[in-house]
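The values are calculated or read from the model by the stated rules, or taken from the named source; none is laboratory data. Quantities reported herein were computed from a predicted structural model and do not represent experimental measurements. Reconstructed Cβ throughout: ideal geometry from the backbone, glycine too, with neighbour counts over all protein chains shown. These area figures cover heavy atoms from the full protein model, side chains too; ligands, DNA and RNA do not enter into them. Shrake-Rupley method; radii C 1.70, N 1.55, O 1.52, S 1.80 Å.
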Amino acid sequence: MLDWERRYQLMRTHTALHVLCGVVWRDYGASVTGGNMEPLKGRMDFEFETMHKDLVAEIEANVNAEIEKGHPIRIAILPAMRRSRYQT
């Protein structure tokens, strides 16, 4: 049985992490190198030379500014790759 409350929290967290990744890439050109996600809690690792408190606060403000703009959320389902392509 689907735990809808947990699923919804994961959806919100996943979307927020996409916003974070987009802002960090747009503003700093830093790629994601790893991360983890739980309901309403997530971690993203980025390719920065150094990380400091002021930079974290700046990123947070930029992410919040994007969220406040209320951009529409688009959902796309990518087609599944055919298993036979990868079988030898």
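Do you know which of the residues in segment 12-44 that are assigned to a helix (DSSP H, G or I) and among the polar types (S, T, N, Q) is nearest to HIS71 (Cα to Cα)? Full working, then the answer.
Step one: list which residues in segment 12-44 are assigned to a helix (DSSP H, G or I), which gives 12-28.
If we keep only those that are among the polar types (S, T, N, Q) as well, we get 13, 15.
On the way: THR13: 16, THR15: 12 Å.
Checked segment 12-44; the qualifying residue nearest to HIS71 (Cα to Cα) is THR15.
Can you work out which of the residues in segment 59-88 that are open to solvent by less than 100 Å² (accessible area, probe 1.4 Å) and assigned to a loop (DSSP other than H, G, I, E, B) is modelled with the highest pLDDT? Only one residue fits best here, namely GLY70. Just so you know, in segment 1-58 the residues that are open to solvent by 40 Å² or more (accessible area, probe 1.4 Å), among the aliphatic types (A, V, I, L, M) and farther than 22 Å from ILE75 by Cβ include one that is nearest to the chain's Cα centre (by Cα), and it is VAL56. Checking each residue of segment 67-85 against the condition of being out of contact with any Ser or Thr (no Cβ under 9 Å at 6 or more places or on another chain), in contact (Cβ under 8 Å) with a residue 24 or more places away in the chain and not hydroxyl-bearing (Ser, Thr, Tyr) gives at least one match.
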